[in-house]
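Nothing in this text is a laboratory measurement; each read-out follows from the coordinates by a stated rule. Everything quoted here is computed from the prediction, not taken from an experiment. Cβ placement follows ideal geometry from the backbone for every residue including glycine, while neighbour counts extend to all protein chains displayed.
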Amino acid sequence: MDLSSLIRIIPDFPKVGISFKDITTLVKDGPGFREAIDRLAGACRDRQIDLVVGPEARGFIVGAPLAYRLGVGFVPVRKAGKLPAETLKSEYQLEYGHDSLEIHQDAIKAGNRVLVVDDLLATGGTIKASIDLVERLGGVVAAVAFLIELTDLKGRDNLRKYDVVSVIKYNI
């Protein structure tokens, strides 16, 4: 199945010059969404994962069903102020600004093998902030996984220390 045919491309969003890859058209297609999650699960199955971590919000869309498919728990990484218990915070740069993410301090135990997942790898800022939180809690990043990788933005280069998995690749 050609999963890239299920991705809607929105030119000049969220600003002029950006070609936004909209996964909502993929996730609303049952067989396509199942195929995408199954491909990610197949690529990550032998990594002895204890937990899947996904950043808000599209990381939830990919991470939760992937965790279910792998038979492990899911840990949400949220925008500041959204989690109810004690948190750890990491700040990061976006292509068009900056933001911060938080995780519950008790979400990961030292030595847990963690798969960090998001919908798209561009420059790697969001995923690096998520990795920072996992590692500060003592987790071991077994791999990072994405539905989409924008290869021309070289986000993979910013993640050289980690095993990177992606299902759909675009040269923008």
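What percent does the relative contact order of region 47-170 come to when contacts are Cα pairs within less than 8 Å and at least six residues apart?
In percent, rounded to a whole number, it is 24.
Looking at region 1-101 from every direction and averaging, what is the projected area of its Cα convex hull in nm²?
The orientation-averaged projected area of the Cα hull of region 1-101 comes to 8.0 nm².
Of all the C-alpha pairs in region 2-46, what % are more than 18 Å from each other?
So the portion of pairs separated by more than 18 Å is 40 percent.
With both bridge residues required to lie in the chain, what share of the DSSP beta bridges run antiparallel, to the nearest 5%?
Antiparallel bridges make up about 40 percent of those DSSP assigns within the chain.
Among 123-129, 29-35, how do they line up by average Cβ neighbours within 10 Å per residue, starting with the highest?
123-129, 29-35
Exceeding 26 Å between C-alpha atoms, which entries from my cross-link table qualify? They are Lys79/Lys109; Lys82/Lys169; Lys21/Lys89; Lys21/Lys128.
Pairs exceeding 26 Å: Lys82/Lys169; Lys21/Lys89.
Which log10 I(q)/I(0) values, to two decimals, does the chain give at q = 0.15 Å⁻¹ under the Debye formula with one point per Cα?
Debye output, listed in q order: -0.80.
Apply 1/(1 + (r/R0)^6) to the Cβ-Cβ distance of Lys109 and Ile18, taking R0 = 41 Å, and write down the FRET efficiency to the nearest 0.05.
0.60
Taking the mean number of other Cβ atoms within 10 Å as a proxy for protection, how do you rank 77-87, 139-149, 97-107 from highest to lowest?
The most tightly packed comes first, giving 139-149, 97-107, 77-87.
Suppose R0 equals 25 Å. What FRET efficiency, 1/(1 + (r/R0)^6) with r the Cβ-Cβ distance, do Asp38 and Thr151 give to the nearest 0.05?
Calculated value: 0.65.
Computed FRET efficiency, Cβ-Cβ of Met1 and Asn171, R0 22 Å: what is it to the nearest 0.05?
Once rounded, the FRET efficiency stands at 0.60.
Full-extension gain between Arg45 and Asp99, please, as 0.36 nm times their residue separation minus the C-alpha to C-alpha distance.
Additional length available on full extension: 16.3 nm.
Counting each DSSP H run of 4 or more residues in the chain as -39500 (n - 2.57), what helix-only mean residue ellipticity at 222 nm follows after dividing by all residues, to the nearest 500 deg cm²/dmol?
Dividing the helical sum by the residues of the chain leaves -7500 deg cm²/dmol.
Would you mind pulling out the separation of the Cα centroids of region 75-140 and region 1-20, in Å?
25 Å
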